[in-house]
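The values are calculated or read from the model by the stated rules, or taken from the named source; none is laboratory data. Predicted model, so just to flag it, every value in this text is computed and none were measured. Virtual Cβ from ideal backbone geometry, glycine too; neighbours counted across all protein chains shown.
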């Protein structure tokens, strides 16, 4: 029975390694030219815009609430969609949890990555790999 468990455990490891390799190869094939073309890119741009707003506004002001106002005084008191006006003329996006913006922001700052599509792609790929590992080892 132990040999069967070892076989299953080794099989899981091989599947995980193969999955990671496939993701890496697909990333290099898809983004070899640097051009990114995909459907529903507005969500990505919305995240990138919010991360830039985080970067230009002190943490003591936004407290990782999804902000839609850039840091300069000229960017205050400008409504943006269905947002709520806060102190200092900042508008906040309220229909999505702040953690969805805070984690990518902290990741990009920690690894000194730029606010661009590839950085978000890298963050999401790492989340995918972590999720796959948790799923693989939860059985």
In the range 110-121, residue nearest to the chain's Cα centre (by Cα) [restricted to those that are in a helix (DSSP H, G or I) and surrounded by 13 or more Cβ atoms within 10 Å (Cβ to Cβ)]: 120
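From 29, 47, 23, grab the single residue that is modelled with pLDDT under 80 and either closer than 28 Å to residue 87 by Cβ or over 16 Å from the mean Cα position of the chain (by Cα) (or both).
Numbers: 47 fails: modelled with pLDDT under 80; 23 fails: modelled with pLDDT under 80.
Among 29, 47, 23, only 29 is modelled with pLDDT under 80 and either closer than 28 Å to residue 87 by Cβ or over 16 Å from the mean Cα position of the chain (by Cα) (or both).
Of everything in the range 69-115, what is on the phi < 0 side of the Ramachandran plot and touching a helix residue (DSSP H, G or I) at 6+ places or on another chain (Cβ under 6 Å)? Give them in sequence order. Before the answer, list the steps.
So in the range 69-115, the residues on the phi < 0 side of the Ramachandran plot come out as 69-76, 78-80, 82-87, 90-111, 113-115.
Hits for the range 69-115 are 69, 70, 71, 76, 101, 104, 105, 107, 108, 113, 115.
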Residue match in the range 24-47 (condition: in contact (Cβ under 8 Å) with a residue 60 or more places away in the chain, under 30 Å from residue 10 (Cβ atoms) and assigned to a helix (DSSP H, G or I)): yes
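Residues are listed down the side, and each one gets a yes or a no for (1) surrounded by 14 or more Cβ atoms within 10 Å (Cβ to Cβ); (2) within 26 Å of residue 20 (Cβ to Cβ); (3) without any contact (Cβ under 8 Å) to a residue 60 or more places away in the chain; (4) within 12 Å of the chain's Cα centre (by Cα):
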residue	(1), (2), (3), (4)
64	yes, no, yes, no
108	yes, yes, yes, yes
123	yes, yes, yes, yes
129	yes, yes, no, no
138	no, yes, yes, no
